[in-house]
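**Q** Let me begin by handing over the structure; questions about it come next.
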Amino acid sequence: MRRLTWFNATSLTLGFAFLYLPMIILIVYSFNESKLVTVWAGFSTKWYGTLIQNEAFLDAAWVTIQVAVVSSTIATVLGTMAALVLVRAGRFYGRTLFSGMIYAPLVMPEVITGLSLLLLFIGIGLDRGIFTIILAHTTFSMCFVSVVVSSRLVTFDRSLEEAALDLGCSHFDAFRLVTLPIIAPAVISGWLLAFTLSLDDLVIASFTAGPSATTLPIKIWSSIRLGVSPEINALSTIMIAIVAVGVITASLITKRASLRQQADERAAVHA
Amino acid sequence: MRRATLILLPYLWLLALFLVPFVIVLKISLSDIELAIPPYTPTLDLSEGWKGLRDFFAGLDFENFVFLTTDDLYWKAYLSSLQIASIATLCTLLVGYPIAYGMANAPDHWRPTLMMLVILPFWTSFLIRVYSWMGILSTEGYLNQLLLSLGLISEPLTILNTPVAVYIGIVYTYLPFMILPIYSALERMDGSLLEAAEDLGCSRIKAFWLITIPLSKTGIIAGCFLVFIPTIGEFVIPSLLGGSQTLMIGKVLWEEFFNNRDWPVASAVAVVLLLILIIPIVLFQRNEQKQREAEG
């Protein structure tokens, strides 16, 4: 039944053209000589040059990377803990509230999350800056991490861990040596998801960042509100390139890891 | 002991940074506006203990919520958000279904690549994806240049800063959320059902309506909710592509807070938005549960 009919071929071609043409146009026009973005005036890399000299953008990029690295790392730890609680802790007082608080931020409109966190920070008199953005990003991305990790934990064979305990492992060692390596791909993709969400976030960062800290999306936002600019096209091209390289590398790594895991499992069965 | 730490750490974090902030929003939505910093007078003063609580309930009014119903702007913004989200969800379904269908029927060795091509845009910056349409849709933009040079139109079309641009932006950015659940439903489908229908004299189109659509129903419903729910509170797309004539509640909340500095009203807007969202969220959860039960 799997044949490529003309209908399927057309819908795939049109669909992927729709998904990719806008970004391709953006990339092509980032090499445009003219300041008028919609008029092609010859090839040039000068916008990349002006971008590299633009200190405001570089500062914002540095702030963004710091926030993303720190918040996604804390979110991965907290999110993995939350996933273990959701899947394994059984019943405890306030469990419904706990799982509600894990799932609610996933569907909460960003304007509400941002507003409520800002009101909290003002209420307790916390100065807004990098620290408050990190707190905000950690909070919503730990929920995404815990969803990703718990979907892996559900299919995890607990007898492996029990075997390790029977053979004299401590609880912590059993987790470190058996559970963690097996759920590692999910933990890593959780971290990547948290990292990307943090890099990408405009709305929550706008609410929780004070005047002292500007992230890249906030900086991009304030310049694109005025219209299309060749500098932003150059910046977008760099960001798209980083993501494309990252995603392709990650998918190659996971493909190899899953092949190796299959081989390991086969070997274990035959042994 | 270990179990308690494991539970408490994420629990306390979420209580402090998710639940408490939300209670604060609720509290401020019941406060009065004040020209001060912070610009509201709290009506609940906990430092006065029981007296404060009694005063709070005695003086409790929903004036900010009443205000939302008296000013046209707010209910129009809620209605127009719902309308834009519904139309955009339908458009996304119409664009996404054929793509998901094409993927599910593509040769096996193509599918991982197609899958990656659908997911890749999801990892690139949302802001940049929306921004990329500004250059395409503007009056002197690429689309108008193309249509003019083909002689299809004689005057440039005005698309940017209209609701049409918002629809395009939503379809574009939320397309992966529609494609993936439909694709996973279609992929599980047993192809022999279609062969049986055709052997029994069903036309292909009829077999599609009678078999493929019903079997992908859970995917369609999940995809629609995944687009509809976040779209209602969307801020970036209407601000960049919709111009001043597109009214959406996320934008109203933002402007109420940052431009008018009316925190109580902004908080009331947030509370009502959340109440509206509860209905589709509950329906979505129920759909997911039904699907899990059907599988398990």
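The values are calculated or read from the model by the stated rules, or taken from the named source; none is laboratory data. Everything numeric here is computed off the predicted structure, so don't read it as measured data. All Cβ positions, even for glycine, are placed from backbone atoms using ideal geometry, and neighbour counts span all protein chains on display.
**Q** Being of a type in the set (Ser, Thr, Tyr) and closer than 28 Å to B:Ser81 by Cβ is the filter; apply it to segment B:143-182 and report the residue that is surrounded by the most Cβ atoms within 10 Å (Cβ to Cβ).
**A** If we take residues in segment B:143-182 being of a type in the set (Ser, Thr, Tyr) and closer than 28 Å to B:Ser81 by Cβ, then B:Tyr174 is surrounded by the most Cβ atoms within 10 Å (Cβ to Cβ).
**Q** Quick one: count up the residues across segment B:156-211 that are within 16 Å of the chain's Cα centre (by Cα) and β-branched (Val, Ile, Thr).
**A** Of the residues in segment B:156-211, 6 are within 16 Å of the chain's Cα centre (by Cα) and β-branched (Val, Ile, Thr).
**Q** Find the helices (runs of 4 or more DSSP H) located wholly in segment A:1-112 whose residues include 3 or more that are within 30 Å of B:Ala197 (Cα to Cα), and list them.
**A** Because the criterion is at least 3 residues that are within 30 Å of B:Ala197 (Cα to Cα), the helices (runs of 4 or more DSSP H) in segment A:1-112 that meet it are A:6-29.
**Q** Find the residue count for segment A:36-92, including only residues that are aromatic (Phe, Trp, Tyr) and within 9 Å of another protein chain (Cβ to nearest Cβ).
**A** The qualifying residues number 1.
**Q** Looking at segment A:105-129, which of the residues that are among the small types (Gly, Ala, Ser) and surrounded by fewer than 19 Cβ atoms within 10 Å (Cβ to Cβ) is farthest from the other protein chains (Cβ to nearest Cβ)?
**A** Looking at the filtered set, the residue picked out is A:Gly129.
**Q** So, in segment B:91-114, of the ones that are within 9 Å of another protein chain (Cβ to nearest Cβ) and surrounded by fewer than 16 Cβ atoms within 10 Å (Cβ to Cβ), which residue ends up nearest to A:Ile232 (Cα to Cα)?
**A** B:Pro112
**Q** In segment A:224-241, what residues are at the interface with another protein chain (Cβ under 9 Å from one of its Cβ atoms) and either part of a helix (DSSP H, G or I) or among the aromatic types (Phe, Trp, Tyr) (or both)?
**A** A:Ile224, A:Ile232, A:Asn233, A:Leu235, A:Ser236, A:Met239, A:Ile240 - these are the residues of segment A:224-241 that are at the interface with another protein chain (Cβ under 9 Å from one of its Cβ atoms) and either part of a helix (DSSP H, G or I) or among the aromatic types (Phe, Trp, Tyr) (or both).
**Q** Oh, and also: Filter segment A:170-211 for residues that are of a type outside the set (A, V, I, L, M), without any contact (Cβ under 8 Å) to a residue 40 or more places away in the chain and more than 14 Å from chain B (Cβ to nearest Cβ) and give the result.
**A** Result: A:Pro181, single match.
**Q** Considering segment B:185-218 alone, what residues qualify as being buried (at least 16 other Cβ atoms within 10 Å of the Cβ) and over 26 Å from B:Gly233 (Cβ atoms)?
**A** Across segment B:185-218, the qualifying residues are B:Ala185, B:Leu186, B:Met189, B:Leu194, B:Ala197, B:Cys202, B:Ala207, B:Ile211, B:Thr212, B:Leu215, B:Ser216.
**Q** Just a yes or no: is a residue in segment B:237-253 of a type in the set (A, V, I, L, M), farther than 29 Å from B:Ile24 by Cβ and crowded, with 20+ Cβ neighbours inside 10 Å?
**A** yes
**Q** Cβ-Cβ under 6 Å, sequence separation 6+ or interchain: first residue in segment B:59-75 and under 13 Å from B:Asp32 (Cβ atoms) and assigned to a helix (DSSP H, G or I), partner at pLDDT 80 or above and among the hydroxyl-bearing types (Ser, Thr, Tyr). Which pairs?
**A** Taking only residues 6 or more apart or on different chains, the pairs are B:Asn64/B:Ser29.
**Q** Condition (residue is closer than 24 Å to A:Met101 by Cβ and either acidic (Asp, Glu) or at pLDDT below 90 (or both)) applied to segment A:156-170: is it met by at least one residue?
**A** yes
**Q** Could you tell me whether B:Glu234 is touching a helix residue (DSSP H, G or I) at 6+ places or on another chain (Cβ under 9 Å), over 14 Å from B:Leu93 (Cα atoms), assigned to a helix (DSSP H, G or I) and not polar (S, T, N, Q)?
**A** Judged against the criteria, B:Glu234 is not a match.
**Q** Something else: Can you go through B:Asp199, B:Asp190 and tell me which one is among the acidic types (Asp, Glu), without any contact (Cβ under 8 Å) to a residue 24 or more places away in the chain and touching a helix residue (DSSP H, G or I) at 6+ places or on another chain (Cβ under 9 Å)?
**A** After applying the criteria, what remains is B:Asp190.
**Q** If a residue must be in contact (Cβ under 8 Å) with a residue 24 or more places away in the chain and touching a helix residue (DSSP H, G or I) at 6+ places or on another chain (Cβ under 8 Å), how many such residues does segment B:252-296 contain?
**A** 23
**Q** Another question, then. Condition check: without any contact (Cβ under 8 Å) to a residue 40 or more places away in the chain and more than 9 Å from chain B (Cβ to nearest Cβ). Does A:Ile220 satisfy that?
**A** no
**Q** Go through (1) within 9 Å of chain A (Cβ to nearest Cβ); (2) among the charged types (D, E, K, R); (3) in a loop (DSSP other than H, G, I, E, B) for B:Glu155 and report which single condition fails.
**A** (1)
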